[in-house]
Amino acid sequence: SKAPACKLVIFGAGGDLTKRLLMPALYNLSCSDLLPDDFNLYGVDRGDSSDDAWKQSLTETMQSFTKDNAAEFYTPEIDEARWGWVTDRMHYLQGDFSEDEVFRKIGQAIGDDSTIFYLAVSARFFGTIVDGLGKAGLLKQSDGMFRRVIIEKPFGSDLPTAQALNTQILGQADESQIYRIDHFLGKETVQSIMAVRFANGLFEPSWRREYIDHVQITAAETVGVEKRGAFYEPTGALRDMIPNHLFTLLCMVAMEPPNSFDAEAVRNEKAKLMEAIRPLQPDEVVRGQYGAGSQSGEDVPGYRGEPSVALDSKTETYIALKLSIENWRWAGVPFYLRTGKRLAGRQTVISIHHKPAPYRLFRDTRVEKLTPNVVRILIDPEQGIETQFDAKVPGPQMKLGRVQTSAHFKDFFDEKPSVGYETLLYDCMVGDTTLFQRADAIDASWTAVQPVLDSWRAGEGQVETYAAGSQGPAQADALLGSDGRHWLPLG
Ligand code: BG6
């Protein structure tokens with residue numbers, strides 16, 4: 001049903017996120033009739049623009065997006081009536097985020113109405129904007145009127161900066177008003193992991209250290225750093241992906257079942273899981289950076305040859321690590337995480353590797369050893385679940401052969417078009433914080449990676465080169481190899 005009456009103010013109206021994700025998501029929400037009737041959208045940015053110029057530029061991008069990414073939209077061509085409904089409600093407010101004037105203008109525009117402030121800006125403005133909003137009295141709520149703030153990532157660049165940012169923000173607003181985004185939580189399959197784990201008797205009983213040998217979590221990309229060198233240089237793969245996106249996947253696959261889908265019940269379990277992560281050991285982390293190579297038959301430059309990247313850059317574009325979760329369910333089960341750019345395949349997937357079955361029964365067959373079962377949870381670009389197990393090869397002898405089942409969710413369900421931000425925006429409008437990060441979880445996730453950041457700051461942590469289009473650095477194979485395990489191949 002429609003979201004309750006509210007307005008949306010986007011800081012960073014001229015930015016990439018607004019263009020690529022927020023406007024398409026608002027358009028999709030309007031197509032499914034979920035936006036409130038009296039919806040109004042205010043775009044705030046520093047550049048000179050006007051209501052008409054802002055609408056015009058977004059209309060052009062929307063037109064090209066709907067054509068090129070039809071699967072993400074309700075109609076292959078923009079639906080003029082639906083889009084018109086959105087543009088009729090768009091207003092541009094020009095202003096500098098660090099000046100009082102802009103908050104005065106916003107205050108006038110929103111009056112006493114319920115409002116969401118979306119910070120689609122560079123992280124250095126997060127604190128400033130929340131301060132500005134708070135000082136202008138725009139975060140005060142009253143009966144039936146809410147004020148909420150959506151904050152994009154990165155949330156801090158290490159533990160002290162994340163804590164300082166939380167303190168600054170919570171100085172102006174209550175935790176319940178703050179919606180920290182991790183867009184991986186907006187991905188359909190990430191939520192469906194909870195459904196699959198907890199709604200079935202098949203998986204959950206064996207989802208523990210007695211039966212699981214190890215877990216691999218992979219978020220591999222084929223794209224390079226693209227035009228984001230200036231952001232990526234001081235960030236790198238660890239900060240960009242691990243404490244947020246990969247830990248989100250880790251929580252979904254490893255947390256205890258919550259008692260309900262109530263936001264706090266789910267967030268409590270996630271926070272508990274993050275707190276149980278043993279702080280990472282720097283010698284169990286592999287850093288890599290892509291060199292020149294070839295991808296889809298084309299030669300591509302190395303990271304150091306990308307725009308806005310230093311010729312001698314030591315920023316990692318790949319990270320692989322081993323972690324332990326120190327609780328009853330997972331003690332002794334290693335979790336191997338890896339993520340990187342310019343790898344052999346685009347694949348976000350979690351694989352659960354079971355312990356092998358007892359061998360006695362097969363001693364007299366030609367089998368040399370039993371191969372462990374693997375359950376693969378596919379998140380991107382395919383969504384679904386695959387299992388691998390052994391069956392008997394037909395014939396007179398007992399011979400085992402590997403079989404695989406693939407359940408791709410698109411074959412079972414009508415998928416609604418989405419860019420991934422629809423759920424997040426809608427949930428914020430209805431006040432559901434389940435898919436957003438709470439301050440304690442952010443704290444716990446940075447606490448887990450901080451020893452590695454400290455060791456790098458002290459000059460440790462060599463960056464290994466891997467060829468673009470490859471499986472990543474050889475040292476990442478050694479990380480599992482020394483435990484007698486290996487990564488599932490990419491691509
Ligand atoms: C972003 C990172 O948060 O997530 C990017 O900043 C990365 O570097 C992206 O490419 C990956 O998201 P997705 O949804 O494409 O897997």
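In the stretch 233-294, the ratio of gyration radius to Kirkwood radius, Rg to Rh, stands at 1.12 when only Cα atoms are counted. Ranked by the mean number of other Cβ atoms within 10 Å of their residues, highest first, the peptides 369-376, 274-281, 315-322 fall in the order 315-322, 274-281, 369-376. Modelled this way, with points 7 Å down the Cα-to-C-beta line, the labels at PHE203 and ASP283 are 3.6 nm from one another. Summing Lys and Arg as +1 and Asp and Glu as -1 over all other residues whose Cβ lies under 9 Å from the Cβ of GLN388 gives a net charge of 0.
Principal axis extents of the Cα atoms in the stretch 390-433, from largest to smallest and rounded to whole angstrom, are 63, 21, 13. Summing charges over neighbours of SER1, with a neighbour being any other residue whose Cβ is under 15 Å away from its Cβ, gives -4 when K and R count +1 and D and E count -1. Over the chain, dividing the summed -39,500 (n - 2.57) contributions of all DSSP H runs of at least 4 residues by the number of residues returns a 222 nm mean residue ellipticity of -9000 deg cm²/dmol. Modelled this way, with points 7 Å down the Cα-to-C-beta line, the labels at ASP262 and GLU464 are 4.7 nm from one another. Where the alpha-carbon atoms of the stretch 248-383 are placed on the principal axes, they occupy 55, 52, 33 Å, in descending order.
Within the shell defined by Cβ-Cβ distances under 15 Å, the residues around TRP207 carry a net charge of +1, with Lys and Arg each +1 and Asp and Glu each -1. With the charge dipole of the chain set up from +1 on Lys and Arg Cβ and -1 on Asp and Glu Cβ about the Cα centre, the Cα lying farthest toward the positive end among the listed residues SER455, ALA331, ILE150 is that of ALA331. Pair-distance distribution of the stretch 306-373: all C-alpha pairs, bin width 10 Å, starting at 0; shares per bin in whole percent are 14, 27, 26, 20, 9, 4, 0. Hydrodynamic estimate: the Kirkwood radius of the stretch 215-266 over Cα pairs, inserted into Stokes-Einstein at 20 °C and 1.002 mPa s, corresponds to D of 160 µm²/s.
Estimated at 0.36 nm per residue, the fully extended path between SER157 and SER64 surpasses their Cα-Cα distance by 30.0 nm.
Between the amide H of TYR466 and those of GLN289, TYR290, GLY291, distances stay under 5 Å, these residues lying 5 or more places away or on another chain, with hydrogens modeled in the peptide plane. For the stretch 97-166, the equivalent ellipsoid derived from the Cα gyration tensor has semi-axes of 23, 14, 10 Å, listed largest first.
Potential lengthening of the chain between ALA53 and GLN404 amounts to 121.0 nm, from the contour at 0.36 nm per residue minus the alpha-carbon distance. Plugging the Kirkwood radius over Cα pairs into Stokes-Einstein for the chain, at a temperature of 10 °C and a viscosity of 1.306 mPa s, what D comes out in µm²/s? Approximately 65 µm²/s, per Stokes-Einstein. Using only side-chain charges placed at the Cβ, +1 for Lys and Arg and -1 for Asp and Glu, the dipole size of the chain relative to its Cα centre rounds to 1680 debye.
Just so you know, all these numbers are worked out from the coordinates, no wet-lab data involved. A quick note: this is a predicted structure, and the numbers were derived from the prediction, not measured. A quick note on method: Cβ atoms are made from the backbone with ideal geometry, for glycine too, and the neighbour counts reach across all protein chains shown.
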